[in-house]
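The values are calculated or read from the model by the stated rules, or taken from the named source; none is laboratory data. Worth saying up front: this structure is predicted, and the values here are computed from it rather than measured. Glycine also receives a Cβ, built like all others from the backbone with ideal geometry; neighbour counts cover every protein chain displayed.
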Amino acid sequence: MSVTESTLTTYRVSGMSCGHCRTAITSAVTALDDVLAVEVDIAGGLVTVTTTGEPDEAGIAAAIDDAGYELTGRA
């Protein structure tokens, strides 16, 4: 059995204010290949993404944008 390394990356995201925001972002980012988990901190404006290997930052930014929010950078 092989062990796959995971990468934890936290991003700053603007426009989040409620549980719907959490659900929309979690659904959009979880649908991406290589994403293992997504944690959304509404109060802190942070989204933490666990991926296998290096994250596809362009894909993550696009998924967040498509959900109606803006990735403003890494935290």
- prompt: How about segment 32-64: which of its residues are out of contact with any strand residue (DSSP E or B) (no Cβ under 7 Å at 6 or more places or on another chain) and acidic (Asp, Glu)?
  reply: Asp33, Asp41, Asp56, Glu57
message: All but one of (1) acidic (Asp, Glu); (2) touching a Ser or Thr at 6+ places or on another chain (Cβ under 6 Å); (3) at pLDDT below 95 hold for Glu70; state the number of the condition that does not hold.
response: (3)
- prompt: Can you spot a residue in segment 55-72 that is assigned to a loop (DSSP other than H, G, I, E, B), surrounded by fewer than 12 Cβ atoms within 10 Å (Cβ to Cβ) and on the phi < 0 side of the Ramachandran plot?
  reply: no
- request: Can you confirm whether segment 14-25 contains a residue that is in contact (Cβ under 8 Å) with a residue 12 or more places away in the chain, of a type in the set (S, T, N, Q), surrounded by 15 or more Cβ atoms within 10 Å (Cβ to Cβ) and not in a loop (DSSP other than H, G, I, E, B)?
  value: no
Selection from segment 26-39 of residues that are under 17 Å from Thr52 (Cβ atoms), part of a helix (DSSP H, G or I) and without any contact (Cβ under 8 Å) to a residue 24 or more places away in the chain: Thr30
statement: Of the residues in segment 26-54 that are of a type in the set (Val, Ile, Thr) and more than 11 Å from the chain's Cα centre (by Cα), the one that is surrounded by the fewest Cβ atoms within 10 Å (Cβ to Cβ) is Thr52
